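The structure appears below as structure tokens.
The values are calculated or read from the model by the stated rules, or taken from the named source; none is laboratory data. This one's a predicted model, so the numbers in the text were calculated from it and none came from an experiment. With ideal geometry, Cβ positions are generated from the backbone for all residues, glycine too; neighbour counts draw on all protein chains shown. Note: areas computed on protein heavy atoms with side chains; ligands, DNA, RNA excluded. Shrake-Rupley method; radii C 1.70, N 1.55, O 1.52, S 1.80 Å.
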Amino acid sequence: MTMVVGVDVTVVDRIARALERNPRFAQRIYTEGEQRYSARKPERWASRWAAKEAVRKLCSSAGQPMPAYRDIEVVRRRGGPPRVHIRGEETAIALSLTHDGGLAIAVAAGRGAERRRPLPEVPDGLVLADRPDDGHKGTFGRVVVIAGSKGFTGAPRLAAMGAARGGAGLVEVCIPETIHAIVAAGCLEVMPTPLADAGTGALHPDALPTLRERLRGADAVVIGPGLGRAPGTISALLELLAGLPCPAVVDADALNIVATAGFDLRSCDHPVVVTPHPAEMGRLAALGTPAVQADRVGTAERYASAHGVVVVLKGAQTVVSASGHPTHVDRHRVVALATGGTGDVLAGVIGSMLAQGLAPRDAAVAGVTIHAQAGLMVQARRGRAGALASDVIDTLPAAQELLRQSLEAATARR
């Protein structure tokens, strides 16, 4: 196959001026790793811009769709040449970077953007939401995330970005006003909304009027990550659950509050997906964690049947149970996912599946499968230790696309 080359020459000062004029330029164009590496060195910013342009030109010349700037990442390795990742996947593109005389020059060479890889196996009954070519952001649903409290400012963004990267058209994250500035600083693609909190830094009954307004027209709500268990939070959460206006993913501290208060999830007006880890499942089912782990399938099935919810019991080989449906056991064992924040991401992904119109059990299976596939891809790239929840977020689109292609290939064979 003929080698394809992309070349770009960029004026360093031009990129430096763009960064100075628009603080969000860096967030739109560069990955977090590239931002850390480039720091205050204009030539690094410029060389990465040139690299992205060179890669896009290469893709165009190869007859492939051009990836977005932020989907392209230049990764430095000690003692080796820079590597090109696209949508979280390492490619076979060879890249040469240099800068001199106020210019940054990049040459990218390869036969295409993405390394060919076998399509993953998909579980029986996996359903993914349609992605019509003429769709718009309204087509793909609106998710509202209610999360966060003082000291737990990362969870809201992780859940919201899980929903956004899962394919939801619109995502709004509602957080106590005390932490709004902290969370909003990390939000570019999702909308942060402050909630009155009476200075508590937590979900408070004063927030209920705003929340009811924001939930109008929502297709799904994700509630619980980083919420805490302050007295005001408990009363506000229980009132929200009693009047749910749309399907919900209930996670983390929201589950602990439900367990402590003995709230009957069967009273909710819309379907509920609960996403406990083993200790939270134990609190819900009045069991010790060892008892849950000794009978993961049975515990999930009994709770789902008794409470009329979809249960996603997280862990190695996550269990998805819904009364009247076959129990799904995910076959992945991905140790890279054993790190803080990945559960928040999963809640957001399931919320996005609900918002895109999947039935609750289908949404749970799809979210679990996409999340696990993303974890596998991160593990292959980063290793079994040290992966971050943000790595999983960045890999969600590629993971879902691979699964979608696998489903399409299976359909074509039939």
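Miscellaneous remarks
- Estimated D of the stretch 186-242 in µm² per second, where Rh is the Kirkwood radius over Cα pairs and Stokes-Einstein applies at 20 °C, 1.002 mPa s: 175
- Here, the stretch 1-69 is characterised by an Rg to Rh ratio of 1.02, where Rg is the alpha-carbon radius of gyration and Rh the Kirkwood radius.
- In the chain, the longest principal axis of the Cα atoms and the axis of helix 231-242 are about 90 degrees apart.
- Counting only protein heavy atoms and using a 1.4 Å probe, the accessible area of PHE152 comes to about 120 Å².
- Segment SER323-THR98, length gained on full extension (0.36 nm per residue, minus Cα span): 75.0 nm
- Among beta bridges that DSSP assigns inside the stretch 262-414, antiparallel share in %, nearest 5: 75
- Taking Cβ atoms as reference points and 12 Å as the exclusive limit, the residues near CYS174 contribute a net charge of -2, counting Lys and Arg as +1 and Asp and Glu as -1.
- Note, ³J(HN,Hα) from phi for the stretch 379-389, Karplus 6.51, -1.76, 1.60, rounded to Hz, x at Gly and Pro: 4, 5, 8, 9, x, 6, 10, x, 5, 10, 4
- Here the relative contact order of the stretch 157-202, from alpha carbon pairs under 8 Å that lie six or more residues apart, stands at 41 percent.
- Burial ranking of peptide ranges 367-378, 3-14 (average Cβ count within 10 Å, highest at the top): 367-378, 3-14
- Spherically averaged projected area in nm², based on the convex hull that wraps the Cα atoms of the stretch 87-207: 13.3
- With all pairs of different C-alpha atoms in the average, the Kirkwood value for the hydrodynamic radius of the stretch 233-383 is 15.5 Å.
- Contact order relative to length of the stretch 1-50, as percent, for alpha carbon pairs under 8 angstrom and 6 or more apart: 53
- Spin-label pair THR210/SER60, simplified geometry with 7 Å Cα→Cβ offset, distance in nm: 4.4
- Couplings for the stretch 253-264, taken from phi via the Karplus curve 6.51 cos²θ - 1.76 cosθ + 1.60 with θ = phi - 60°, read 4, 4, 5, 5, 5, 4, 5, 5, 7, x, 5, 8 Hz in order; Gly and Pro are left as x.
- Length gained when the stretch GLN35-GLU408 is fully extended (0.36 nm per residue, less Cα-Cα span): 130.6 nm
- 5 angstrom amide H check on VAL249, placed H, neighbours 5+ away: VAL221, VAL222, ILE223, VAL273
- Principal axis dimensions, the stretch 39-107 - Cα atoms, whole angstrom, descending: 33, 24, 19
- The C-alpha radius of gyration of the stretch 262-339, expressed as a fraction of 2.2 N^0.38 Å, stands at 1.06.
- Candidate values (i) 98; (ii) 153; (iii) 193 were compared with volume of the Cα convex hull per residue in Å³ computed on the shown model; the agreeing label is (ii).
- Computed extension gain for GLU189 through ASP133, at 0.36 nm per residue and net of the alpha carbon distance, reaches 18.0 nm.
- Compactness of the stretch 243-288 - radius of gyration and Dmax, Cα, Å: 10.5, 33
- Only Cα pairs under 8 Å and 6+ residues apart enter the sum, and on that basis the relative contact order of the chain stands at 15 percent.
- Using alpha-carbon coordinates, inclination of helix 42-61 to the longest axis of the chain, degrees: 90
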